[in-house]
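The values are calculated or read from the model by the stated rules, or taken from the named source; none is laboratory data. All figures in this text were calculated on a predicted structure; none of them were measured in a lab. Cβ sites come from the backbone with ideal geometry, for glycine too, and all protein chains shown count toward neighbours. Areas reflect the complete protein model, heavy atoms only, side chains present, ligands, DNA and RNA absent. Shrake-Rupley method; radii C 1.70, N 1.55, O 1.52, S 1.80 Å.
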Amino acid sequence: MTTQRLRVGMVGYAFMGAAHSHAWRTAPRFFDLPLTPELTAVAGRNEAAVREAADRMGWGSVETGWRRLIERDDIDLIDICTPGDTHREIALAALAAGKHVMCEKPLANSLADAEEMADAAARAAEQGVFAMCGFTYRRTPALTLAKRFVEEGRLGSIRHVRAQYLQDWLSDENAPLTWRLDREKAGSGALGDIGAHSIDIAQWVTGQRIEGVSALTHTFVTDRPVGGDFVGLGGHGDAANAEKGAVTVDDAAIFSARFADGAIGVFEATRYALGRKNAMRVEINGSRGSVSFDFEESNVLNYYDATDDAEAIGFRRIIVTEPEHPYVGNWWPTGHGLGYEHGFTHQVVDLVNDIAAGRQPSPSFAEAAQVQRVLDAVEHSAQNASTWRTA
């Protein structure tokens, strides 16, 4: 590992904090990086909890306020792993202080905030300070391979995009109220939480921007227990406590879309699809071929080549574990698949390489703001009887 360091300060230490911590620790041990990430400090409001998290996840020190991270001279990059309502303030302060920024998705809770953040990031980039948004599924080797196929022209002209993100952790009506169900903290529900990933993947793989949508959103359960056993993202409500709080976000969103270069798409995001745990799916049909992907089989890309001989034509199942495949050569022997956490490691690898090279990492805040434009258009369309809305 190089002796040059990239000293990281992370805000938040729960689900995403754990995933990011694993990535910062792991990346320099499997990839040759021009800078060695250093887990310098982690911040959280609960001192006892943040100290326990720091010890468990390998952080060198703790702070009980994110502003202190930004003030420290021994931190080069701020990693934001907090709910969406905090992203804008932290990111703007970090960029103003000359710190690189890694921010979880969606970029913000409103389009206005996202555009302000994108403008600030563009100005910072002129000074060699870079910002990136964490749409981590881009770093899944099978999806990166799908993008490569599109760029090589193997699919021809893109005609159809079909994208779903299906989970079921909210299907129990007695699951407790969490911050993800509070519009003030989360911005939106399934739409922003998981639908944002589908929007980003669809635009990134095809290379086409979504320019308009017609949408429908729905909330199936309008109030939930305020207490209970919190397990994973959900849990079980407290049966002995009758107190409930209002759910103020969507439970599901569906929309049709038109892409700038002529493709059309259909999208669905829900946390009520019983039996689907993390089915982030996309299928893209072109004039010469198709690709399809489901994260529940994350090491597989299905590819159809319309130029194959009629005798042997059909979808082929590519096991994306060969050293020639994106990112894979730094991991295990052929056939030994990768998992959810590897995307975060690949994200760190790309971010560190870009910072060291003085180039803008992707997805930039500008790209993330484009996803926010689509989210905003979906919500406005759904609130106005599914009328067409420009994104």
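Numbers for the structure displayed
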item	result
Tally, over segment 278-304, of residues that are farther than 24 Å from SER171 by Cα and outside any strand (DSSP E or B)	3
Among (1) open to solvent by less than 20 Å² (accessible area, probe 1.4 Å); (2) closer than 19 Å to VAL352 by Cβ - the single one GLN4 does not satisfy	(1)
Unique match (being touching a Gly at 6+ places or on another chain (Cβ under 9 Å) and modelled with pLDDT of 95 or more) among VAL50, VAL101	VAL50
Every pair of residues 6+ apart whose Cβ atoms lie under 9 Å, when the first sits in segment 281-292 and is more than 16 Å from ALA257 (Cα to Cα) and open to solvent by 50 Å² or more (accessible area, probe 1.4 Å) while the second is aromatic (Phe, Trp, Tyr) and assigned to a strand (DSSP E or B)	ARG281/TYR165; ARG281/PHE293
Any hit, segment 219-226, residues being part of a helix (DSSP H, G or I) and surrounded by 15 or more Cβ atoms within 10 Å (Cβ to Cβ)	no
ASP251 vs. criteria at pLDDT below 95 and either within 21 Å of the chain's Cα centre (by Cα) or among the acidic types (Asp, Glu) (or both)	no
Positions within segment 71-98 being open to solvent by 20 Å² or more (accessible area, probe 1.4 Å), more than 20 Å from TYR137 (Cα to Cα) and either among the β-branched types (Val, Ile, Thr) or touching a Leu at 6+ places or on another chain (Cβ under 8 Å) (or both), in sequence order	ASP76, THR86
Long-range neighbours under 6 Å by Cβ, at least six apart or interchain, first residue surrounded by 18 or more Cβ atoms within 10 Å (Cβ to Cβ) within segment 38-49, second among the small types (Gly, Ala, Ser) and in a strand (DSSP E or B)	THR40/GLY9; ALA41/GLY9; ALA41/SER61
Only one of GLY275, GLY262, GLY314 that is farther than 18 Å from ASP172 by Cβ, out of contact with any Cys (no Cβ under 8 Å at 6 or more places or on another chain), in contact (Cβ under 8 Å) with a residue 12 or more places away in the chain and in a loop (DSSP other than H, G, I, E, B)	GLY262
Residue within segment 27-35 that is open to solvent by 30 Å² or more (accessible area, probe 1.4 Å), of a type in the set (Lys, Arg), under 30 Å from PRO323 (Cα atoms) and in contact with a Gly (Cβ under 6 Å, 6 or more places away or on another chain) present	no
Residue under evaluation PRO326, criteria (1) more than 30 Å from ALA253 (Cα to Cα); (2) open to solvent by 20 Å² or more (accessible area, probe 1.4 Å), criterion not met	(2)
Number of positions in segment 233-259 that are open to solvent by 10 Å² or more (accessible area, probe 1.4 Å), over 18 Å from PHE220 (Cα atoms) and in a strand (DSSP E or B)	2
Residue match in segment 190-208 (condition: exposed (fewer than 15 other Cβ atoms within 10 Å of the Cβ) and in contact (Cβ under 8 Å) with a residue 12 or more places away in the chain)	yes
Residue selected from segment 340-385 under the condition outside any helix (DSSP H, G or I) and open to solvent by 30 Å² or more (accessible area, probe 1.4 Å), by the criterion farthest from GLN127 (Cα to Cα)	ALA385
Subset tally (residues that are acidic (Asp, Glu) and more than 15 Å from VAL101 (Cβ to Cβ)) for segment 351-391	2
Filtered residues of segment 168-183 (kept if more than 15 Å from VAL226 (Cβ to Cβ) and surrounded by fewer than 22 Cβ atoms within 10 Å (Cβ to Cβ))	ASP168, TRP169, SER171, ASP172, ARG183
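Each row is one residue, and each column tells you yes or no for (1) in a helix (DSSP H, G or I); (2) among the hydrophobic types (A, V, I, L, M, F, W, C).
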| residue | (1), (2) |
| --- | --- |
| CYS103 | no, yes |
| ASP113 | yes, no |
| MET117 | yes, yes |
| LEU145 | yes, yes |
| GLY156 | no, no |
| ARG162 | no, no |
| ARG180 | yes, no |
